[in-house]
Amino acid sequence: MRTTVKDYFISKLSFLGIEMSESDLSMRLLPWEINEDEAINAETAKEADKKFLEIILTLLVRPDISEDDYSVKYDRDAIVRWYNAECIRLGVKNPLMQGALQVKDMSFLA
């Protein structure tokens, strides 16, 4: 069975507990000129993962929704931790960490 780019993205979203309609996903893939029906392989998966990070970044700014018995809320802390790990794995600069303070060991100066 061949896995398409669209199937790959839907599977990754599902892994994170995020639901996205196929039309919404198609709209997000449009600017990248990605053929969502193209088969994905080991060669194209890394580039697809980088694009997937951009989708996740846009989802992190979405507000939680709650109305009557309907509620959509993401575990943002878990998604941010996963996002950070993926940035490291893919060698991509993490825009969420820009301006973050870094603690450095300066005990050798004492």
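Any read-out appearing in this document is the output of simple, stated calculations on the displayed coordinates, not a laboratory observation. Model, not experiment: these values are computed from the prediction. Here the Cβ is made from the backbone with ideal geometry for all residues, glycine too, and neighbour counts use every protein chain on show.
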Item to complete: Scan the chain and report its longest stretch carrying no trypsin sites (Lys or Arg not before Pro) that are both in a DSSP loop and have at most 11 other Cβ atoms within 10 Å.
Response: 3-72
Item to complete: Using every pair of alpha-carbon atoms in the chain, split the distances into 10 Å bins beginning at 0 and state the percent of pairs per bin, rounded to integers.
Response: 11, 39, 30, 12, 5, 3, 0
Worksheet item: Calculated FRET efficiency, residue 65 and residue 4, Cβ-Cβ r, R0 25 Å, to nearest 0.05?
Response: 0.30
Practice prompt. Rounded to the nearest 10 degrees, what's the angle between the helix 42-60 long axis and the longest principal axis of the chain, both from Cα atoms, 0 to 90?
Written response: 80
Worksheet entry | Largest-first ellipsoid semi-axes for the range 3-63, taking √(5λ) over the Cα gyration tensor eigenvalues, angstrom | 18, 12, 11
Worksheet entry | Spin-label model distance (nm) - residue 11 vs residue 105, 7 Å beyond Cα toward Cβ | 4.1
Discussion item. Give the residue list of GluC sites (Glu not before Pro) in the range 8-102 that are DSSP loop and have at most 10 other beta-carbon atoms within 10 angstrom.
Written reply: 19, 33
Discussion item. Ignoring everything except DSSP H segments at least 4 long, calculate the 222 nm mean residue ellipticity for the chain; use -39,500 (n - 2.57) per segment, divide by total residues, nearest 500.
Written reply: -15500 deg cm²/dmol
Fill in: Nitroxide proxy distance, nm - points 7 Å out along Cα→Cβ at residue 30 and residue 49
2.9
Worksheet item: Going down the table (12/73; 51/93; 51/104), which pairs top 22 Å between alpha carbons?
Response: 51/104
Practice prompt. Rounding to the nearest 20 debye, state how big the charge dipole of the chain is about its Cα centre with +1 on each Lys and Arg Cβ and -1 on each Asp and Glu Cβ.
Written response: 620
